[in-house]
1. Can you find, among Phe174, Ala28, Met3, the residue sitting farthest towards the positive end of the charge dipole of the chain, where Lys and Arg contribute +1 and Asp and Glu -1 at Cβ?
2. Roughly what would the spin-label model give for Lys56 and Lys120, points 7 Å off Cα along C-beta, in nm?
3. Does segment 25-175 come out rounded, prolate or oblate by the C-alpha gyration tensor, with a ≥ b ≥ c the root eigenvalues, rounded set by a/c under 1.5 and, if not, prolate when a/b is larger than b/c and oblate if not?
4. Which aspartates and glutamates, on any chain, are close to Lys141 with Cα under 18 Å apart, when same-chain ones fewer than 8 places away are left out?
5. With respect to the cross-link table entries Lys69/Lys122; Lys13/Lys101; Lys54/Lys90; Lys54/Lys122, which display a Cα-Cα separation exceeding 19 Å?
6. With +1 assigned to the C-beta of every Lys and Arg and -1 to the C-beta of every Asp and Glu, and no other charges, what is the dipole magnitude of segment 1-65 about the Cα centre in debye, to the nearest 20?
7. Over its Cα atoms, what ratio of radius of gyration to 2.2 N^0.38 Å does segment 5-44 give?
8. Taking all protein chains as present, what is the carbon and sulfur share of the accessible area of segment 7-115, in % to the nearest whole number, probe 1.4 Å?
Amino acid sequence: TKMARDMKKIAPKADDFLYFSAVMLHSAEAALLDGNGDLRKDAKGENVSAHWKKTKDSWKWVCSDSNIKPYKNSNGDIFPEEELVIAHKKWVGRPLCIDHKSSSIDMVRGLIIDTYYDYKAKNVVGLCALDKINHPDLARKVATGYAASVSMGTAVEKAICTDCGTVARTEADFCDCMRSRKCYGEINVGLNPIELSIVVTGADPNAKIRNIIAA
């Protein structure tokens, strides 16, 4: 009864769609977790912690263990937890695509129905509906686990170099270390979500389809 009281109705389930949940991306703070999802310990055996030091427009990662860097994807993109908490609901209603081809309606395969931020796992989880009538082959691959990776697309207001703190609002603002990809990564602030794509290999290796919703 308690569980039923806490549940919410999102949308009616339609037989035309395959529903699944997926981990869309991780926050920078996911770096604080060990392989079991627990907070990592420092040399003194105490839980590690981190925060963002903000100076004017620039952000800097500050961790109790200097050896721990913020979680980044293979593109060097870093997403602070507080930014994902603000922006994650903006993915609701955005299209589910293939390989980030969101500019054409022909490449849309479904819809993101709902999202939530998982504070314990430090990631954004999405509930998606895939049109299995018009795209049965893709739906079969997802249902069988053959297609298991996802990758989100978002615009950002500014990207901040982790090494020198340069704030870039356009590519022309990039510092030398951002332009040459020599910096550890880019901190993304002011997110404007675009889509979620089913891909062969995503930039976030841990962004995966998690559960097929049977009912």
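1. Met3
2. Using points 7 Å along Cα→Cβ, the separation is 4.3 nm.
3. In terms of gyration-tensor shape, oblate.
4. Output for Lys141: Asp15, Asp16, Asp99, Asp131.
5. Lys13/Lys101; Lys54/Lys90; Lys54/Lys122
6. Dipole size: approximately 340 debye.
7. For segment 5-44, the normalised Cα radius of gyration comes out at 1.99.
8. On segment 7-115, the fraction of accessible area on carbon and sulfur atoms equals 50 percent.
The values are calculated or read from the model by the stated rules, or taken from the named source; none is laboratory data. None of these values were measured; they are calculated from a predicted model. Heads up, the Cβs are rebuilt from the backbone with ideal geometry, glycines too, and the neighbour counts pull from every protein chain shown. Remember, those area values only see protein heavy atoms, side chains included, never the ligands or the DNA or RNA. Shrake-Rupley method; radii C 1.70, N 1.55, O 1.52, S 1.80 Å.
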